[in-house]
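Have a look at the structure below before the remarks.
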Amino acid sequence: MTRRKRTGFVLGFIVALLLSQTLLAGPSDAAVARRAARKPVEQGKPTYTAALLMEPTTGRVLFERESHKPWPPASLTKMMLMLIVMEKVKQKAISLNDRVAISGRADKLGGSRLSLKRGEAFMLEELMRAVVIHSANDAAEAVAERIAGDAGGFVALMNRRAQELGMKETKYHGVHGLPPEKGRPADVTSAYDVAILARELVKYPEILKWASTVKQQFRGGKSVLENTNRLIGQFPGADGLKTGSYREAGFNLAATAERDGLRFIAVTLGSASDEARAREAAALLATGFNEYMMLAAMKAGQALAQDIRVRGGRVEAIRVVAASAAQVLIKRSEAGSVRSSVRIDEPLWAPLKKGDKIGELTVTVGDKPLGKFPLVSDRDVEQADIAKRLWDWILLPAERWGR
């Protein structure tokens, strides 16, 4: 990002930050977070230590500040638990209808909790709602024990998955994100790694459904799950994702919102207060929606205007189609400068299979490439008999000469 572009983005961010102050009001964080130390705040200036804005489809980072700085995630740790659970549900290794027993260890956990009692049992889905909406530490512990036998085994799964995702600055030591006990290491992550994790989580509709719930009854109405994310119900399109806080970590937030099919992920770490983290994440998200748009150069399966000749086949030509949606993220101000070009790997010879790559669509703004997308055959093409193949081979030089 050039200095001029960064300056423009920051100015836009500060304007959005000031506007967003009027949007946000909501429930206070957990008791441990309310006791966290406050940073001195200058009017209009972000209080976070690190921040990042990402568009998840492309993975493009639109804004970052200290995005690789090591930082304690606090309850953002639970995001990895959420991902592992949903991946195992998808693999049918577990079911959201499974019963989960509450252990003595889960019973004794402090911080944000639901006072689950040893010997109680709940459906996995109930406990996942408690984790996602209420950031319940006792529910997180019980879920981890159900899947891996104990919390230590689940932490190993968490760190292995973090490595697979390329989260190079992350190391977990617990499943819930509580402050470490004396002499024990703290969990550590970065704004960039949190965004990588959030990018995976937004693929799961169940997570977004739970994370966008403001309040929900628990234990048949004896308890209420209250969402710790102030953006939910206040910022248009907000549907996630997770808060985390304790004294040394400050107030962390991984936020996401979607409008008209366009989604952004904002991460703020170390903000001065619950209100500040929501306001600052809202400003990042607002800047994304105000300044960027997703442009569809071709829809998935859309064909080029002209059919392409096939040589040596039982058909003379095929339609060439986009293998997937050719979408590029652009600044709204760049919309009139977008250009696309097509390259076909001619001459095309049979046999061909439906879906074989036979070319490429390139989208640019000025001389800057924004994306390259495969173009494929829309059908199978069998080889013709030897006479037809030989004839096409003989004609090829003459056709090239005539161009």
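Taken residue by residue, region 175-187 has at least one member that is touching a residue at least 12 places away in the same chain (Cβ under 8 Å) and out of contact with any helix residue (DSSP H, G or I) (no Cβ under 9 Å at 6 or more places or on another chain).
Yes/no per residue for (1) at pLDDT below 95; (2) surrounded by fewer than 23 Cβ atoms within 10 Å (Cβ to Cβ); (3) β-branched (Val, Ile, Thr):
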{"position": "Met54", "(1), (2), (3)": "no, no, no"}
{"position": "Arg65", "(1), (2), (3)": "no, yes, no"}
{"position": "Leu81", "(1), (2), (3)": "no, no, no"}
{"position": "Ile84", "(1), (2), (3)": "no, yes, yes"}
{"position": "Lys90", "(1), (2), (3)": "no, yes, no"}
{"position": "Asn97", "(1), (2), (3)": "no, yes, no"}
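For Asp193, state whether it is assigned by TED's automatic domain parsing to the domain that holds Asn97, crowded, with 22+ Cβ neighbours inside 10 Å and in contact with a helix residue (DSSP H, G or I) (Cβ under 6 Å, 6 or more places away or on another chain). No, not satisfied. Taken together, Ile318, Ile344 contain a single residue that is at pLDDT 95 or above and in contact with an Asp or Glu (Cβ under 8 Å, 6 or more places away or on another chain), which is Ile318. If you go through region 362-372 one residue at a time, do you hit one that is within 21 Å of Ala317 (Cα to Cα) and among the small types (Gly, Ala, Ser)? Within region 362-372, none of the residues are within 21 Å of Ala317 (Cα to Cα) and among the small types (Gly, Ala, Ser). Here the condition is being farther than 19 Å from Leu197 by Cα, surrounded by fewer than 19 Cβ atoms within 10 Å (Cβ to Cβ) and either touching a residue at least 12 places away in the same chain (Cβ under 8 Å) or in contact with a helix residue (DSSP H, G or I) (Cβ under 8 Å, 6 or more places away or on another chain) (or both); of Arg259, Arg279, Arg311, it holds for Arg259 alone. The set of residues from region 91-109 being of a type in the set (Lys, Arg) and free of Cβ contacts under 8 Å to residues at least 24 places away in the same chain comprises Lys92, Lys108. Candidates Thr228, Thr256, Thr243, Thr268: the one that is polar (S, T, N, Q) and outside any strand (DSSP E or B) is Thr228.
Listed by position, the strands (runs of 3 or more DSSP E) inside region 289-403 whose residues that are within 28 Å of Arg60 (Cβ to Cβ) number at least 2 are 292-298, 320-322, 326-331, 338-344, 357-365, 368-377. Under the condition of being under 16 Å from Gly240 (Cβ atoms) and either of a type in the set (Lys, Arg) or in a loop (DSSP other than H, G, I, E, B) (or both), which residue from region 181-214 is farthest from the chain's Cα centre (by Cα)? Looking at residues that are under 16 Å from Gly240 (Cβ atoms) and either of a type in the set (Lys, Arg) or in a loop (DSSP other than H, G, I, E, B) (or both), I get Val214. Of all residues in region 100-140, exactly one satisfies the criterion of being within 18 Å of Glu206 (Cα to Cα) and basic (Lys, Arg), namely Arg129.
The values are calculated or read from the model by the stated rules, or taken from the named source; none is laboratory data. A quick note: this is a predicted structure, and the numbers were derived from the prediction, not measured. Quick reminder, even Gly has a Cβ in these numbers, built from the backbone with ideal geometry, and neighbours come from all protein chains shown.
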